[in-house]
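The values are calculated or read from the model by the stated rules, or taken from the named source; none is laboratory data. Bear in mind that the values here come from a model prediction, so they are computed numbers and not experimental data. We place every Cβ from the backbone using ideal geometry, glycine too, and count neighbours over all the protein chains shown. Each accessible area value is taken on the protein alone, full model and side chains, heavy atoms only, with ligands, DNA and RNA left out. Shrake-Rupley method; radii C 1.70, N 1.55, O 1.52, S 1.80 Å.
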Amino acid sequence: DGRLTFYPGNQTVDLPFINFMKRYGTVFLNAYTNSPICCPSRAAMWSGLFTHLTESWNNFKGLDPGYVTWMDLMEKHGYHTQKFGKLDYTSGHHSVSNRVEAWTRDVDFLLRQEGRPMVKLTGDKTHVRVMEADWRNTDKAVDWIKEEAINLTQPFVLYLGLNLPHPYPSPYAGENFGSSTFLTSPYWLEKVTYEAIKTPKWSSFSEMHPVDYYSSYTKNCTGEFTKQEVRNIRAFYYAMCAETDAMLGEVISALRDTGLLKKTIVIFTADHGELAMEHRQFYKMSMYEGSSHVPLLVMGPGIKERQQIPNVVSLVDIYPTMLDIARIPVIQNLSGHSLMPLLCGKAENEASPTGPRPSWVLSEFHGCNVNSSTYMLRTGKWKYITYSDGRSVLPQLFDLSDDPDELTNVAIKFPVIVHSLDKILRSIVNYPKVSSSVQEYNKRQFMIWKQSLGQNYSNVIANLRWHQDWLKEPKKYENAIDKWL
């Protein structure tokens, strides 16, 4: 969650290496994902293109395998390149269940697709390496810096993709389980200040936006949660952030030990945030701040120290920024703009070659746990969220300066603002048309999958992640699908 990287969010947990980057570099106060879920977000970051252009509609459908990323271009221009860890930008290789949930989101049924969010403590106060796979990849990156990077005659670019801070799979929920277990050890939990944890307002169902209700239900968050349960989920999430920060620390330390830190630009960001029980849901897939606002910190030669940038930026800006750093001309028409003028503290009028930076950012979502394509435009103090064709579902408007927790939808109060923001949004993306093509894509993919199963279809669909609800009335849900088709 990007808010953790600057005041006041960072009072809850100790993040020493994030703070080190703030001291010796620049932090963006308003950085956003272009799609709040792993694969579509990474597709945008690696391509520099908005989601409606990459057509990365869900966690399974990303960039074409041969797509030329910024790293490919840097390699072509003489950089030594190295990737470790989670990439997830051509496809998330997520479960069949995850795909079917995304394809069937327009079906008129409500089924829980996740285990109930819960916490789990592991090990004792000496147990540091909880997320072992991430630590192994961090070790690989550190070894590579110390053994390879140090001896290179050419410049290098190293990418390390971590899974944390991400809830863990929940085996108790069945074979296709989602990831609803917040897991940490006492070592990391000690880094969290429980008293500073804000408990989010728990809205009644009648107050909820219909799309939020669907998300809350499918994420298994509509039951009763005590204040203590909610606070624990948040605390465990912050502890997982502290463990992530330590991995960043290993990379920074390796660069410092090899003398490379002074001549290396370090960028830290995330594909999306975590709601951690805000707005009565966990996970991402939402345009609320906890899910869509990401951390973005940059330090290195030429980058201004102790700088806080209020401009709205997003992950599509990474592509042109990387090319700018490497002095590679930007040839194609990208959705993003280089961050280098801002990072170097230059005046806004010293525009990048890609033209002046817009005063807005766009995020969109077309995947599971949300029963409608969603579009978010953030500009100034306003956040405008619209759904589907812009008519069938009510839009939302939040004044973030007045209502940072996004509890009061003021769309009806400010129709002129809504109209002008909607006009800007439509000039960027013909969103009713995009929503309609996603609906067609979902139906087509589902039909192909259904036909591939033949006689086995009824059994397979009944036993996906929603099996606990589905098996109560399988015929009812099959009929709802038939009606949709």
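Which condition does GLY25 not pass, out of (1) under 26 Å from GLY302 (Cβ atoms); (2) of a type in the set (Gly, Ala, Ser); (3) crowded, with 23+ Cβ neighbours inside 10 Å, if it passes all the others?
GLY25 satisfies all of (1) under 26 Å from GLY302 (Cβ atoms); (2) of a type in the set (Gly, Ala, Ser); (3) crowded, with 23+ Cβ neighbours inside 10 Å except (3).
I'd like the full set of residues that are open to solvent by 10 Å² or more (accessible area, probe 1.4 Å) and either without any contact (Cβ under 8 Å) to a residue 60 or more places away in the chain or of a type in the set (Phe, Trp, Tyr) (or both), limited to the range 237-252.
TYR238 - this is the single residue of the range 237-252 that is open to solvent by 10 Å² or more (accessible area, probe 1.4 Å) and either without any contact (Cβ under 8 Å) to a residue 60 or more places away in the chain or of a type in the set (Phe, Trp, Tyr) (or both).
Between SER392, SER388, SER373, which is within 28 Å of SER203 (Cα to Cα), open to solvent by less than 50 Å² (accessible area, probe 1.4 Å) and free of Cβ contacts under 8 Å to residues at least 60 places away in the same chain?
Of the residues listed, the single one that is within 28 Å of SER203 (Cα to Cα), open to solvent by less than 50 Å² (accessible area, probe 1.4 Å) and free of Cβ contacts under 8 Å to residues at least 60 places away in the same chain is SER388.
Would you mind listing the helices (runs of 4 or more DSSP H) fully within the range 31-129 where at least 3 residues are touching a residue at least 24 places away in the same chain (Cβ under 8 Å) and not hydrophobic (A, V, I, L, M, F, W, C)?
Passing ranges, in order: 38-47, 96-103.
For GLU175, indicate whether it is closer than 27 Å to SER95 by Cα, charged (D, E, K, R) and either at pLDDT below 95 or more than 24 Å from the chain's Cα centre (by Cα) (or both).
Values: closer than 27 Å to SER95 by Cα: yes; charged (D, E, K, R): yes; either at pLDDT below 95 or more than 24 Å from the chain's Cα centre (by Cα) (or both): yes.
Yes; evaluated as a whole, the condition is true for this residue.
Looking only at the range 15-53, how many residues end up being under 19 Å from MET322 (Cα atoms) and not hydrophobic (A, V, I, L, M, F, W, C)? Step through it out loud before you land on a result.
Step one: of the range 15-53, the residues under 19 Å from MET322 (Cα atoms) are 21, 25-28, 31-34, 41-50.
Narrowing further to those that are not hydrophobic (A, V, I, L, M, F, W, C): 25-26, 32-34, 41-42, 47-48.
Here the count works out to 9.
Checking SER435 against (1) within 24 Å of the chain's Cα centre (by Cα); (2) open to solvent by 10 Å² or more (accessible area, probe 1.4 Å); (3) among the polar types (S, T, N, Q), which single condition isn't satisfied?
(2)
Per-residue answers, yes or no, for (1) touching a Ser or Thr at 6+ places or on another chain (Cβ under 8 Å); (2) of a type outside the set (Val, Ile, Thr); (3) open to solvent by less than 30 Å² (accessible area, probe 1.4 Å):
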site: ALA43; (1), (2), (3): yes, yes, yes
site: GLU55; (1), (2), (3): no, yes, no
site: THR69; (1), (2), (3): yes, no, yes
site: MET74; (1), (2), (3): yes, yes, yes
site: PRO117; (1), (2), (3): yes, yes, yes
site: LEU121; (1), (2), (3): yes, yes, no
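Based on this model, can you work out whether TYR283 counts as at pLDDT 95 or above, among the aromatic types (Phe, Trp, Tyr) and in a helix (DSSP H, G or I)? Please lay out each step first, then the result.
Details: at pLDDT 95 or above: yes; among the aromatic types (Phe, Trp, Tyr): yes; in a helix (DSSP H, G or I): no.
No, not satisfied.
With the condition kept exactly as written, say whether any residue in the range 346-356 is buried (at least 17 other Cβ atoms within 10 Å of the Cβ), touching a helix residue (DSSP H, G or I) at 6+ places or on another chain (Cβ under 7 Å) and part of a loop (DSSP other than H, G, I, E, B).
Yes, the range 346-356 contains a residue that is buried (at least 17 other Cβ atoms within 10 Å of the Cβ), touching a helix residue (DSSP H, G or I) at 6+ places or on another chain (Cβ under 7 Å) and part of a loop (DSSP other than H, G, I, E, B).
Can you tell me how many residues in the range 447-463 are surrounded by fewer than 12 Cβ atoms within 10 Å (Cβ to Cβ) and under 20 Å from ARG112 (Cα atoms)?
The number of residues fulfilling the criteria is 1.
Tally time: how many residues in the range 143-194 are open to solvent by 40 Å² or more (accessible area, probe 1.4 Å), more than 14 Å from PHE236 (Cα to Cα) and outside any loop (DSSP other than H, G, I, E, B)?
Residues that pass the stated criteria total 10.
I'd like the residue in the range 419-432 that is among the polar types (S, T, N, Q) and over 17 Å from SER372 (Cβ atoms) and, out of all such residues, is least open to solvent (accessible area, probe 1.4 Å).
Top of the filtered list is SER420.
Just wondering, is there one or more residues in the range 198-209 that are open to solvent by 70 Å² or more (accessible area, probe 1.4 Å), in contact with a helix residue (DSSP H, G or I) (Cβ under 7 Å, 6 or more places away or on another chain) and modelled with pLDDT of 95 or more?
Looking through the range 198-209, none of the residues is open to solvent by 70 Å² or more (accessible area, probe 1.4 Å), in contact with a helix residue (DSSP H, G or I) (Cβ under 7 Å, 6 or more places away or on another chain) and modelled with pLDDT of 95 or more.
Of the residues that make up the range 305-319, is at least one in a helix (DSSP H, G or I), aromatic (Phe, Trp, Tyr), in contact (Cβ under 8 Å) with a residue 40 or more places away in the chain and open to solvent by 20 Å² or more (accessible area, probe 1.4 Å)?
No - not one qualifying residue is present in the range 305-319.
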